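The values are calculated or read from the model by the stated rules, or taken from the named source; none is laboratory data. Since this is a predicted model, take the numbers as computed values, not measurements. So basically every Cβ, Gly included, is an ideal-geometry build from the backbone, and we count neighbours across all protein chains shown.
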C-alpha cells in the first residue's frame, strides 16, 4: 500500500509538470498561429530594412498574416532581401500589392505592412516565390534628422 | 614560501583528483545494463523524496516571486505608461532566468543537502560497505536512482515554478493593480517564444539538474565518514552547487541569448 501511495504521488507530480508545461506553451507563449499549417513565401527587396528582424510580423491592416523568415543581401549592389512566410489562408495578393517597413508606436518594434493592391482582369496574383517590387524602406530617424538639418542650413 | 607553493600544488591536485573521482563515480553508477524491474521502484521512491516533497517550497516561492515581480515591474512600467508590458516582463524573467535558477538553488538546499547527508550517513554507518559485502553495487543501488530522480524532477519543478510564478504575476498585476486582462496575456504571447524562451529555459534546468544532483551525490559519497565530515559535506554541497548553478547560468545565458 505504501508503494502504491508513492506511485500515486509521483504520478500526480508528473501530471502537474505536464499541466504547467502546457499552460506555458498554450497560454504564455505565442503559438504562432499565423505561420502554422500551410504557408507560402514572398520576397521583397528594400534599400534599407532598419531594425527589421527575422520573425518580425507581416501585417495587413494590423492583422498578422505571416512572419519574416529570412533576411539576406542580394545582387551586385547588396540590396537587403526579405523573405516573408505568409499563411496560405491569405493567398490572394495581387501583383500590385505594395510592401513597406513600419514601426509600431514611436519606439516599438518594426514590422512589415502589406497593402493589398487593386484587382482586375489584367493583374496577376502573387504565387509562392514571387517578388513584390513596390517597396518602401524603413524610416531611419538619423536620416530624417540629417535631411531636416540640411534643409534648415540651405535656407 | 615553499610551503605555500606546495599547498597550492596540493590543492590543485586534490581538485583534479576530486573531479576525476566524481566523473568515475557517475560513470560507474550510470553506465551498465539497465535492470528496469529492479530499479523502477527505487527510482519512484527517490522521485517521491526528491521531487514530490520539494513541490510545496517550489510552488510557494514561485507564487511569491511572481507576485513580487508583478508588483515591482508595475511601479516602474506605469511611469512610462507601459504597464501592458508587465506580462512579458514577468513571463520572460521567469522562463529565462528565475524559473531554472531559483528552482536549482532551492533544490540544492532542499533536496541536494538531504541527498548528501543521507549518503554520507550510509557511508559513516558502513551501510555502503555492507552492500558491497552482499555483492550489491552501492553505486547502482544507491547512487544511480537518486541521480536519475534529481535529473527528472528538477526540470518538472522548474516548469511548475515558472507557471505558478506567471500566475502570481497575473494575480498582482491584473486582479490587484488593474492591468488590462486581455493585454496582459496577448502582449505576453506576442513576446514569449516557444523555442527561444520556454525550450531554452528547460534546457537550462536540465543542465542544472545534472550538475546539482551530481555534486550532491559526490559530496556525500566522498565525505569523511564522521559527524563533522558529514556536516562539512552537506554545507559544501549547498555552497558548491549554488555557485556552479550561478556560474553556469551566466555561461548558458551568454550562449542562448547573447
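If residue B:75 satisfies all but one of (1) at pLDDT 90 or above; (2) under 27 Å from residue A:5 (Cα atoms), what's the number of the condition it fails?
Unmet condition: (2).
The conditions are (1) outside any helix (DSSP H, G or I); (2) within 30 Å of residue A:12 (Cβ to Cβ); (3) in contact (Cβ under 8 Å) with a residue 24 or more places away in the chain, and residue B:29 fails exactly one of them. Which is it?
(1)
Name every residue in the stretch A:86-111 that is in a loop (DSSP other than H, G, I, E, B) and either free of Cβ contacts under 8 Å to residues at least 12 places away in the same chain or within 24 Å of residue A:48 (Cβ to Cβ) (or both), in order of residue number.
Matches in the stretch A:86-111: A:93, A:95, A:96, A:97, A:104, A:105, A:106, A:107, A:108, A:109.
Mind checking which residues of the stretch B:67-92 are within 27 Å of residue A:16 (Cβ to Cβ) and within 12 Å of chain A (Cβ to nearest Cβ)?
Listed by number, the residues that qualify are B:87, B:88, B:90, B:91, B:92.
Residue-by-condition table, conditions (1) under 24 Å from residue B:191 (Cα atoms); (2) surrounded by 13 or more Cβ atoms within 10 Å (Cβ to Cβ); (3) not assigned by TED's automatic domain parsing to the domain that holds residue A:46:
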| site | (1), (2), (3) |
| --- | --- |
| A:117 | no, yes, no |
| A:125 | no, no, no |
| A:146 | no, no, yes |
| A:150 | no, no, yes |
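Can you tell me which residue is surrounded by the most Cβ atoms within 10 Å (Cβ to Cβ) among those in the stretch B:203-234 that are more than 16 Å from the chain's Cα centre (by Cα) and within 13 Å of residue B:113 (Cα to Cα)?
B:220
Specify which of the listed residues (B:13, B:43, B:23, B:30) is in contact with a helix residue (DSSP H, G or I) (Cβ under 7 Å, 6 or more places away or on another chain) and at pLDDT 85 or above.
Criteria check complete, one pass: B:43.
Which condition number in (1) in a helix (DSSP H, G or I); (2) surrounded by fewer than 17 Cβ atoms within 10 Å (Cβ to Cβ) is the one that residue B:136 fails?
(1)
Which one is surrounded by the most Cβ atoms within 10 Å (Cβ to Cβ), of the residues in the stretch A:1-15 that are within 7 Å of chain B (Cβ to nearest Cβ), more than 23 Å from residue B:167 (Cβ to Cβ) and at pLDDT 85 or above?
Per the criteria, the residue is A:10.
May I ask you to list pairs of residues, at least six apart or on different chains, whose Cβ atoms are under 7 Å apart, with the first in the stretch B:1-18 being farther than 26 Å from residue B:218 by Cβ and the second being modelled with pLDDT of 90 or more?
Between residues of the stretch B:1-18 that are farther than 26 Å from residue B:218 by Cβ and residues that are modelled with pLDDT of 90 or more, there is no close pair.
Consider residue B:159 carefully, then state whether it is assigned to a helix (DSSP H, G or I) and more than 10 Å from chain A (Cβ to nearest Cβ).
So residue B:159 does not fit the description; no.
I need the strands (runs of 3 or more DSSP E) fully contained in the stretch A:16-85, keeping only those with at least 2 residues that are surrounded by 11 or more Cβ atoms within 10 Å (Cβ to Cβ) and within 14 Å of chain B (Cβ to nearest Cβ).
A:57-60, A:63-74
Among the listed residues A:114, A:139, identify the single one that is closer than 18 Å to residue A:45 by Cα and either part of a strand (DSSP E or B) or modelled with pLDDT of 85 or more (or both).
Unique residue meeting the criteria: A:114.
Could you check how many residues of the stretch B:197-216 are free of Cβ contacts under 8 Å to residues at least 40 places away in the same chain and either outside any helix (DSSP H, G or I) or within 9 Å of another protein chain (Cβ to nearest Cβ) (or both)?
Final tally of qualifying residues: 0.
Can you work out which of the residues in the stretch B:168-191 that are within 8 Å of another protein chain (Cβ to nearest Cβ) and either surrounded by fewer than 24 Cβ atoms within 10 Å (Cβ to Cβ) or at pLDDT 90 or above (or both) is farthest from residue B:70 (Cα to Cα)?
Checking each candidate, the answer is B:190.
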